[in-house]
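Step one of this worksheet: look at the structure below.
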């Protein structure tokens, strides 16, 4: 149980820290998901909402910790409850700041008299960034190794396999040995590798960079580097997820019982998530390459962002676009292909839930 509490606390702390630092690593021209001209990035309304957001997140995090400690004594559940509660608090704080800055922008006429333009990198069609295939190799090697080890060990596996471990590291559900049972986590590995690999490829070849019309050349160069970095980071995360699945499979195949069993899966994935966030956060802003300012500004496109987080634009053929708040990309929910990707995500989640609650 101590391990479960430690894991829960680590995940909750990660969510809280990320929520606190997001305003500092997000592009200053989209504070809390609101597009603003460069001349208003330090507007009193923006700086005030940034202070209020951090205070609300911190207060909410302290409150959530108290609630989770109290409920833990009753339900024994920690991880899912604390993380979901913090995510709900985070979005509430974000939405309040988004609403207030939108109102200030409209009331102050921040875009009046400005020359709004859209900058594009036409070279992405003729000379797109290369997909980092070598970074996919570790995930493929780990998955193949899991299959090979499973095939070798299958004849000597116990007749009844532990298909799930509780928070104390002891098996709480068992099932008769079969190919489907023994290789259930391998199927998750394959599905996760294929899905996240496809997302990495979409970032490189099907995403639209958000190029700054005021500094189009340096912004386009930065976006190319950032797309490649994001794809590599995501593929590295896939490898660590597959490593966690390998460790969990070994526990199941050998019947190992240990209080540290949850860490076999959670630790490599949590470490990879932290590294991925740090890498992307450190490179999430366009570098100043002393390019002369063109005098142009981003088009005010807030109407396509629902709630400041969800992008819906049927006229935009891009499958993925940069997030307005945080790091990484988000789907264009106005693109029909987004439904296919979401269906794959739902199918994978369904597989995981099936393995979690049946056996």
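The values are calculated or read from the model by the stated rules, or taken from the named source; none is laboratory data. It should be emphasised that the depicted structure is a prediction, and the values quoted were computed from it without experimental measurement. Glycine also receives a Cβ, built like all others from the backbone with ideal geometry; neighbour counts cover every protein chain displayed.
Determine, yes or no, whether residue 213 is over 24 Å from the mean Cα position of the chain (by Cα), surrounded by fewer than 17 Cβ atoms within 10 Å (Cβ to Cβ), outside the structural domain of residue 36 (by TED's automatic domain parsing) and not in a helix (DSSP H, G or I). No: the conditions fail for residue 213. Any residue in the range 115-130 that is under 24 Å from the mean Cα position of the chain (by Cα), at negative phi and at pLDDT 90 or above? No, every residue in the range 115-130 fails to be under 24 Å from the mean Cα position of the chain (by Cα), at negative phi and at pLDDT 90 or above. Assess whether residue 160 counts as being more than 30 Å from residue 317 (Cβ to Cβ), at pLDDT 90 or above and surrounded by fewer than 17 Cβ atoms within 10 Å (Cβ to Cβ). No. Scanning the range 66-83 for residues being within 18 Å of the chain's Cα centre (by Cα), at pLDDT 65 or above and exposed (fewer than 12 other Cβ atoms within 10 Å of the Cβ) gives a total of 0.
Condition check: assigned to a helix (DSSP H, G or I), free of Cβ contacts under 8 Å to residues at least 24 places away in the same chain, in the same structural domain as residue 133 (by TED's automatic domain parsing) and crowded, with 21+ Cβ neighbours inside 10 Å. Does residue 278 satisfy that? Criteria not met by residue 278. Looking across 293, 242, one residue alone is surrounded by fewer than 19 Cβ atoms within 10 Å (Cβ to Cβ) and either without any contact (Cβ under 8 Å) to a residue 60 or more places away in the chain or outside the structural domain of residue 29 (by TED's automatic domain parsing) (or both). It is 293. Residues in the range 305-316 that are free of Cβ contacts under 8 Å to residues at least 24 places away in the same chain, outside any strand (DSSP E or B) and within 21 Å of the chain's Cα centre (by Cα): 312 alone. Whether any residue in the range 252-266 is in contact with a helix residue (DSSP H, G or I) (Cβ under 7 Å, 6 or more places away or on another chain) and at pLDDT 85 or above is what I want to check. For the range 252-266, residues in contact with a helix residue (DSSP H, G or I) (Cβ under 7 Å, 6 or more places away or on another chain) and at pLDDT 85 or above: present.
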